Every structure is written in C-alpha cells, then in structure tokens.
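See structure below.
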Protein chains: 2
Amino acid sequence: MKRSEVIEMRELALQYYAKAGIILTDEEKANIEVADLGLGMVKTVGLEIVTYINTERVCAKEMVLIPHQVCPEHRHVPTDGNEGKEETFRCRYGKVYLYTDTNKNAKKEDVSIPLPPTDVTVFDETILLPGQQFTIMPGTLHWFAAGEEGAVISEFSTRSTDETDWFTDKRIVREPKVEE
Amino acid sequence: MKRSEVIEMRELALQYYAKAGIILTDEEKANIEVADLGLGMVKTVGLEIVTYINTERVCAKEMVLIPHQVCPEHRHVPTDGNEGKEETFRCRYGKVYLYTDTNKNAKKEDVSIPLPPTDVTVFDETILLPGQQFTIMPGTLHWFAAGEEGAVISEFSTRSTDETDWFTDKRIVREPKVEE
C-alpha cells in the first residue's frame, strides 16, 4: 500500500466516524490503522481501525468499512497460551453483512451481496443494523462487509492478537509494509 | 427505589443516550438498569446502565450520569478465582470528573466539584471530555460524577462482577429491591 492510499483511506474513514457520531482525539485521527492485508485492493478488501485500548485482558476498537469494503475470512486462534480472541461486533452506523460458520449448511447462494475477490468458505448470514450486535467466539470462521452506506462497528473483545489470525486467503499478510 | 422512579430515570437516560448519538434496541431501552445502590437518592448518587455484553471474559456497557449524578466510591475485588475487573471508561458526551487513588497525596481540596453525600476517600482528579478515556486497573479505588451537562460513558472491561464490588459507603447495597 502506498502512503498516499493510507492518507486517502484515513480521510474517508473520518467521514464515517463522523456519520456515526464517534468522537476521536486528534492523535487517534492521525493514526487510524488502514489494513489492506497485503492484497493491494484496500477499497475492496480491507478495513480502517481505531484501537481504543488493548491490554492483557481487554480490547476495544472502532472499525470502519467504506461502502462494500470486505474484511476477509479469518478466525482467532489460541495465542500465548490463551484461548483465541472472543469479540462482539456492534453496528453503530450503516449496515453490516456478517458471515460465520454457525450454520455449516449455509451455501454461497444464501449470501445476499456479491461474493468478494478473496476466498470465503462460510456463508451463514447475519445482517446488523445500528444498535444490533453479534458475538464471535474463538475459532469461529467469519468475514464481513459493509452495505452501500458503509459501516461503523464497535468491537469489544479479549486481548487483540490479530497478528496470529488464521486467514482463508493464503495471499494475506497481516502487517504488510507501507511503501513511501 | 419506587417503580415510578425507575421509569423516570430511564426516560431521562434515554435523552442522554440520544445526545451522544448512541443507538439502542427497543429491548435495551426498556431494560435500562437504574442503580441507586440502596441510598434512596438516585438523582444525586446513582447511575443508569445498558450492558451490551457480559461473558466469562468480556463486558461492554454504556453508562449515563444525569447532571451532577455521582457513582459512589468502590473497587473491583478478585471474584470466582479471577483477578478483579479491569475497566476503561471512554467519555462519549458531556464531562466526567473521575477520582482515583493513583496519586495518594491528592486531597479533598483538589476536587473541583462539590463533594458528594456519600463517603469518598480518594481525590486524584481526571477530567474526561468526549473522546477521552482512562483505564482503571483491578483494586483501584474510584468514584466519578458528571458535570452540569450530564455524561455518557462507554465502559470496556473484563467480566462484570459488580455484585462483589467493595464500596466505601457502608450503607450501599448493590442490588436493592424495587418497590411497586
């Protein structure tokens, strides 16, 4: 990802935080994490993140997906001798299309959005509108996407160890370099 | 506390959630927890709470303090063989006056609001405006109050076991009965 893309995505993300009425400090605004996961198509597959807190026991983040942006399929595995990350997503703005392996019989045809250009294998759909939430227990395969208005999602979780996540799409790199 | 007071406080709390742009489900709105801690002066000492999630490992709440309302001094003690609750408060609306024992030399005179009608013994003041936050580690004595505009505070924490909290004011009962 180029530095200019990071800046562009940060500016876009700020618009969505504002739509959700989320107030950030200047430092948080300047350091929004832009994750393209090494796929090089951040506007399609990627997400924007402000991490409020991440201690040994607790993590809270505020995530943005621009319209139709997809967070690719992954699961949280045991890390540092602890059980994998448990996370609750709460939609604050827009519409979230969330897919898990809860119903293993769900099929591609059950997905009400276009399939993304990254490997997905689970299709049990949950749609979250503002005020609605869903809890993802450790080990659950999941991916999610925003609808046409984008989405802002609060995440409440155990310690974030996203660097150990297992991704379905083997092209993915969790912490790719930013090119100057 | 009378049922009519609970209803009145819920209606008041809804106004503050709205000011903060927090979107709640109808079920959450109907079940806002109104805590007077058995002191019988909820508009002065008490708080209003929506608990989004409380699992074995993670808890997230959205709290309201009406103008000048005070959450009394307490600390979170080890419970069920686990370390005490760790919590991060993030101000979403209004102004929070938070007091901890971080600086044990802080004195009553350092408190920039009137002292509340409940026992307080720690006076290290932190003021939180929207977007600002503070993390309270287990065992830390703390109390907090809203300024004249009230406050909405997100809490990100480990499992909530507030029923085992240790309160300075010995009149306090964590789960007092509601009279019909």
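The values are calculated or read from the model by the stated rules, or taken from the named source; none is laboratory data. As the structure is a computational prediction, the values presented were derived from the model and not from experiment. In this analysis, Cβ positions are derived from the backbone assuming ideal geometry, glycine residues included, and neighbour counts consider all displayed protein chains. These area figures cover heavy atoms from the full protein model, side chains too; ligands, DNA and RNA do not enter into them. Shrake-Rupley method; radii C 1.70, N 1.55, O 1.52, S 1.80 Å.
State whether the residues of segment A:132-145 include one that is open to solvent by 40 Å² or more (accessible area, probe 1.4 Å), closer than 20 Å to A:THR44 by Cα and assigned to a strand (DSSP E or B). The answer is no, given that none of the residues of segment A:132-145 is open to solvent by 40 Å² or more (accessible area, probe 1.4 Å), closer than 20 Å to A:THR44 by Cα and assigned to a strand (DSSP E or B). Within segment B:60-115, the set of residues being away from every other protein chain (no Cβ under 14 Å) and either of a type in the set (Val, Ile, Thr) or on the phi > 0 side of the Ramachandran plot (or both) comprises B:VAL64, B:ILE66, B:HIS68, B:VAL70, B:VAL77, B:ASP80, B:GLY81, B:THR100, B:THR102, B:VAL111, B:ILE113. The number of residues in segment B:60-69 that are buried (at least 19 other Cβ atoms within 10 Å of the Cβ) and assigned to a loop (DSSP other than H, G, I, E, B) comes to 2. Applying the criterion of being under 25 Å from A:ARG90 (Cβ atoms) and in a loop (DSSP other than H, G, I, E, B) to the residues of segment A:24-39, the residue that is farthest from the chain's Cα centre (by Cα) is A:THR25. Kindly evaluate A:ILE113 against the criterion of being surrounded by fewer than 17 Cβ atoms within 10 Å (Cβ to Cβ) and touching a Gly at 6+ places or on another chain (Cβ under 8 Å). Answer is yes for this residue. Inside segment A:1-23, residues that are within 13 Å of another protein chain (Cβ to nearest Cβ), open to solvent by less than 60 Å² (accessible area, probe 1.4 Å) and either in a loop (DSSP other than H, G, I, E, B) or under 18 Å from A:HIS74 (Cα atoms) (or both) make up a count of 3. Within segment A:146-180, the set of residues being among the hydrophobic types (A, V, I, L, M, F, W, C) and in a strand (DSSP E or B) comprises A:ALA146, A:ALA151, A:VAL152, A:ILE153, A:PHE156, A:TRP166, A:PHE167. Entry remark, segment B:43-59: residues being away from chain A (no Cβ under 14 Å), of a type outside the set (Lys, Arg) and surrounded by fewer than 21 Cβ atoms within 10 Å (Cβ to Cβ) number 2 in total. Among the residues examined, B:ASP165 does not qualify as among the acidic types (Asp, Glu), open to solvent by less than 20 Å² (accessible area, probe 1.4 Å) and away from every other protein chain (no Cβ under 14 Å).
Is there a residue being open to solvent by less than 60 Å² (accessible area, probe 1.4 Å), within 14 Å of another protein chain (Cβ to nearest Cβ), closer than 18 Å to A:SER154 by Cα and in contact with a Pro (Cβ under 9 Å, 6 or more places away or on another chain) anywhere in segment B:24-35? No.
Restricting A:THR126, A:THR100, A:THR88, A:THR121 to those that are farther than 24 Å from A:GLU33 by Cα and open to solvent by less than 10 Å² (accessible area, probe 1.4 Å) reduces the list to A:THR100. For the condition touching a strand residue (DSSP E or B) at 6+ places or on another chain (Cβ under 9 Å), within 30 Å of A:ILE7 (Cβ to Cβ) and among the aliphatic types (A, V, I, L, M), A:LEU129 does not qualify. Would you pick out the residues in segment B:120-131 that are part of a loop (DSSP other than H, G, I, E, B) and more than 15 Å from the chain's Cα centre (by Cα)? Hits for segment B:120-131 are B:THR121, B:VAL122, B:PHE123, B:LEU129, B:PRO130, B:GLY131.
Number of residues in segment A:80-113 that are farther than 20 Å from A:ASP169 by Cβ, in a strand (DSSP E or B) and hydroxyl-bearing (Ser, Thr, Tyr) equals 2. Residue-level analysis places B:ASP80 outside the set of residues that are in contact with a strand residue (DSSP E or B) (Cβ under 9 Å, 6 or more places away or on another chain), acidic (Asp, Glu) and open to solvent by 30 Å² or more (accessible area, probe 1.4 Å).
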